[in-house]
Amino acid sequence: MELSKRMQAVADQVPKGSIAADVGCDHGYVAIYLVQKEICPKVFAMDVRTGPLCRAKEHIRQYGLEEKIEVILSDGLKELPETDRGPAADTLVTAGMGGPLVIKILSESLSKVKRMKTLVLQPQSEVEQVRRFLPQIGYQIVAEDMIFEEGKYYPLMKACNRAFIQEEESFIPEEAQFLKEWGYLFGEQLLKEKHPVLKEFLLYRLEKNRELTEHLKTAASGQSEKGAVRLEEIRRECDTMEQILRQIYKTG
């Protein structure tokens, strides 16, 4: 099974030997890959839609993996089986959903999530909200990646349950804790690693913001209170990105 660049990055974050619940499994390709490559001895392929599940079942059958991949119609993690030791899966994988939906899935099955070990998440939007939410439910982001594919940037993160790990020291020094906001906005692990794709994203976002600023200035909305507020928001975001590029990436 060959995955797209984005989905390969997601699969690469799944711990070897874990049992995964792939929520929003779509065609089942990630589940098939995880079993084929012997990363997971068992995977639960889950989706709220019957159409994708039917396609996933067919693909799983074609690869002869029915005994190792269990297909479940489920709204999030609600139908994930439980054992006397906790949820039947110890790792959640979800990709391609908006950040608010990711948070909703985690919130609605919090009792299961708090007994799992690892979350591998690739939210499509409101990534900052997801980063802020994870510590609130006892998870720490331990790894991040960012992929550029087909003209889009995709951030992803691996978070571990603090009950199973020693909390790592923050990359950001105590005397500059206000900079922790940078981590929520753009990913502390990405900043720590000086991730090259994040740098590309920041430069791209700066250019787009500058174009938008010029448009707002010349448009009628730029003269309104709402337009002025939006201009100030863009200015602050540009200031932050320029600081990151100077201080982290050492650009001029």
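Bear in mind these aren't lab numbers, they're just calculated from the coordinates by the rules spelled out. Owing to the predicted nature of the structure, the values given are computational and were not obtained by experimental measurement. When we count neighbours, we look across all protein chains shown, and the Cβ atoms used for this are built from the backbone with ideal geometry, even at glycine.
To one decimal place, what Kirkwood hydrodynamic radius in Å is obtained for region 196-247 from all pairs of distinct Cα atoms?
It works out to 11.5 Å.
Mean residue ellipticity, 222 nm, helices only, the chain: the sum of -39500 (n - 2.57) across DSSP H runs of n ≥ 4, divided by residue count and rounded to 500, is -13500 deg cm²/dmol. Proximity of backbone amide H atoms, modeled 1.01 Å from N, is registered between Ala143 and Lys158 at under 5 Å, excluding neighbours fewer than 5 places apart on the same chain. Lysine pairs in region 5-167 with Cα distance under 14 Å, only those 8 or more apart or on different chains: how many are there? Lysine pairs meeting both conditions in region 5-167 amount to 13. In the Gaussian network model of the chain, springs joining C-alpha atoms below 10 Å, which of Ala228, Ala163, Ala45 carries the largest mean-square fluctuation? Between Ala228, Ala163, Ala45, it is Ala228 that shows the largest mean-square fluctuation.
Among Lys158, Lys117, Lys78, the largest mean-square fluctuation in a Gaussian network model of the chain (Cα springs under 10 Å) belongs to Lys78. Our summary gives the chain a relative contact order of 13 percent, counting only alpha carbon pairs under 8 angstrom and 6 or more residues apart.
In the chain, the longest principal axis of the Cα atoms and the axis of helix 99-108 are about 40 degrees apart. Summing charges over all other residues whose Cβ lies under 13 Å from the Cβ of Lys5, with Lys and Arg as +1 and Asp and Glu as -1, gives -3. The GNM of the chain, with springs linking C-alpha atoms under 10 angstrom apart, assigns the highest mean-square fluctuation among Leu216, Leu206, Leu34 to Leu216.
What is the angle, in °, between the Cα long axis of helix 196-218 and the longest principal axis of the Cα atoms in the chain? Nearest 10 is fine, range 0 to 90. The angle comes out near 50 degrees. At full extension, Ile165 and Glu108 could sit 18.1 nm farther apart than now, given 0.36 nm per residue minus the alpha carbon distance. For the chain, the longest principal axis of the Cα atoms and the long axis of helix 50-62 meet at an angle of about 60 degrees. About its Cα centre, the chain has a charge dipole of approximately 80 debye under the convention of +1 per Lys or Arg Cβ and -1 per Asp or Glu Cβ, with nothing else charged. If only the Cβ of Lys and Arg carry +1 and only the Cβ of Asp and Glu carry -1, the dipole of region 1-128 around its Cα centre is close to 160 debye. With distances taken between every two different alpha-carbon atoms, region 1-78 has a Kirkwood hydrodynamic radius of 12.1 Å.
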